Amino acid sequence: MRRSLEESLEDAAEGEEEEDLVELVDLDGASIAEAAAGEPDAERHPTEIADKLRESLAGAAITEVRAVPHAPPETLPEHGVDLAVEAARGLWLKNPVLTASGTFGQGVEYAELIDVGRLGAIVNKGTTPRARPGNPQYRIAETPAGILNSIGLENPGAEEVARKYGKVWAKLGVPVIVNVAGYSVDDYVFVVEALDGTAGVVAFELNISCPNVEGGMLFGSDPQLAAQVTRGVKDATDKPVIVKLTPNAPNVVAVAQACEAAGADGLTTINTVLGMRIDVAKRRPMLGTGSGGLSGPALRPIAVHLTYQVAQAVSIPIIGAGGVTSANDALEFLMAGASAVQVGTATFADPTAPLSVIEGLAAYVRAQALASIRDIIGAALPRAE
Amino acid sequence: MLEEGRVVANAQIGELGTLLAVRAPEIAAQAHAGQFVHVRPGIGWDPLLRRPYSFCGIDRRAGEIELIVKPLGTGGEWIAERHVGDALDLLGPLGTSFVVRRDTRNLLLVAGGTGIAPMRVIAEQEAPRRNVTLVMGGRSVAYLWPSDRLPPGVEYVTTTDDGSFGTRGRVTDALPALLGWADQLLACGPWPMLAALGRQRDAADRAAAAFPGRRTLLDAQIAVEQHMGCAMGVCRACVIVTSEGNARVCREGPVFALGDIAFEAGEPATVGVH
């Protein structure tokens, strides 16, 4: 097949979906110049499909899910194996496998494909006080064994989340941890208060990778700011509060210790690492916001390392996150000192990945004749003197 | 649903891409034109993301689907290189589908590039019951769908940029002559093509009621593409701006009412400011 210079450049860029788009643009239809000369949208008449769309977007409260049925527990591969862990102080889960925020929606979506009742817990999409439309396109780009994302915390706002998913969370058969994001301490407290009484919610995870409106510094970069948010939320709820640490902080261990001192019941290590891809053909960053968060297996060694560092500096439980695809990956985190793990990006490629991790951990406990999975937590840490 | 498909045929369609026929009875039984499958490009984690492909053929009786795969990038290449007998990890059918009205007598289908996929499915399904005209445009004849892979009875109108086959020009240039005839218009293709269609719709919207094809343009349905992550509605990577706010192409789409889509310089309008 003859390849043009442009196609070769596109190959070099390796942004396959991007390439498809560029390729399509060239095929036919209006030229870009012609399209650029077009007028902006005038008022448009709603149609039948618009009505359907409106219903699906506005949506009444979701009360039923087209969920796959829960299998009888005694039929599951993990049955009879003690996988229970204390994922955060006061938060005992039947197994150490959670889903990572932003990769599992509100739990109802993947419930159409997998038995979510088998999971230790789910963490919902980052929730802010008010609705956020999110970031400009493009919001996702593929990287070696990973993805970059810049979604921009698109979510319907805390009260809408409570209204829309409050009824269904109680029926999902899996504990829900609400991921909280905001731009001031009041923002975090608002979200926690809005969802504290919602059935199914067992804990809160604070996303502190957001800029603070007063000063613009990331909450998660500064031990004092991170401690302020932790303390504010702890005062607002009796439920366990987990702080999700950002690897982009100059001193992650110092932030972890400050959160513990401020009353955090657990820590998640880690959120995404900042990264960027350039579209070589277009000579500009691929993501609409320029940079984004790197997730997926490419991140795993960084996440295991930080888990290992933080585990030696705090005494509260840690949830490991970053590129977990298999039970072996999960074991790396557990042995590095995590009490539980989150499966995130892997779910996009293989929606059964979180369940495979549970099955694999159960098989490991059996094969190693362990009394429980808890026996290997921190197994790789330096022995205390 | 997740289904392990089995490749039963692999054919090159000119420069359009590779046509894969895949045995996947459960997905075939539920698939509709406009919907897509999310295909895993390999068994490992690099490349990581699945690739979305619109159904290009749905044969419920044989339990088979067809997909057009462009062998671009490592993921697309891996999928396009699957041979007869190879397994493919499929997630689908996903998204919304085109709706052909019961009272439509004359159906106009508009395709650009791999946007032929859902149009070919509709042509197969609708040719026995109504008059179907398919308009397809491409860079040259090599980028057109072969007419021997269309059902009998479909009128096939083609345009090429270089005039190597059919009328020289863009696919949208061929539409004015057909709009007065058509009761319904369905389209799938690259964003600039859809944006050009949107401008024709805007013109019709401003025109008098007697404008030929006005109703057809106002009610047109389109299928769109967007960079996609999970395709399950959770990651919100694929959102576009519609008259109803943000919509996920993988869930609220990929089929939308043309009039609901906001365009911006021939691309989907996007949230915020670049």
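What follows draws every value from the coordinates through simple rules; no lab data is involved. A quick note: this is a predicted structure, and the numbers were derived from the prediction, not measured. Every residue, glycine among them, receives a Cβ derived from its backbone with ideal geometry; neighbour counts consider all protein chains shown.
Computed quantities for the displayed model
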quantity	calculated
Under 28 Å from A:K244, Cα to Cα: lysines that are on another chain or at least 8 residues apart	A:K94, A:K125, A:K164, A:K167, A:K171, A:K234
Sorted by Cβ neighbour density within 10 Å, fewest at the top, the residues A:S356, A:S150	A:S356, A:S150
For A:145-154, mean number of other protein chain Cβ atoms within 10 Å	4
Between segment A:100-166 and segment A:254-291, the alpha-carbon center distance in angstrom	16 Å
Chain B, relative contact order [Cα under 8 Å, separation at least 6], %	16 percent
Rounded to 5, percent antiparallel among DSSP beta bridges of chain B	60 percent
J(HN,Hα) series, segment B:103-116, from Karplus relation 6.51 cos²θ - 1.76 cosθ + 1.60, nearest Hz, glycine and proline x	8, 6, 9, 10, 10, 10, 10, 10, 10, x, x, 5, x, 4
Chain B: most fluctuating residue of B:A177, B:A21, B:A237 per GNM, C-alpha cutoff 10 Å	B:A177
Angstrom value of the Kirkwood radius, inverse mean 1/r, which spans all Cα pairs in segment B:209-274	12.8 Å
Approximate spin-label separation A:A170-B:A142, in nm, with each point projected 7 Å along Cα-to-Cβ	6.4 nm
Angstrom value of the Kirkwood radius, inverse mean 1/r, which spans all Cα pairs in the protein assembly as shown	25.8 Å
Footprinting exposure proxy for B:E66, B:E155, B:E225, B:E264 (fewest neighbouring C-beta atoms within 10 Å first)	B:E155, B:E264, B:E66, B:E225
Qualifying lysines (Cα of each under 26 Å from Cα of A:K282; at least 8 residues distant if same chain)	B:K70
Positive-pole candidate from A:S291, A:T268, B:L2, dipole of the protein assembly as shown, charges at beta carbon	B:L2
Student exercise, segment B:2-94 dipole from Lys, Arg, Asp, Glu Cβ charges, in Debye to nearest 20	160 debye
Tilt relative to chain B, helix B:191-206 - C-alpha long axis, 0 to 90 degrees, to 10	30 degrees
Net charge of Cβ neighbours under 15 Å - reference A:T75; Lys, Arg +1; Asp, Glu -1	-3
Exposure proxy order (Cβ contacts within 10 Å, fewest to most) of A:Y364, A:Y138, A:Y308	A:Y364, A:Y308, A:Y138
Sites A:V68 and B:W181, calculated FRET efficiency, Cβ-Cβ separation with R0 56 Å, nearest 0.05	0.75
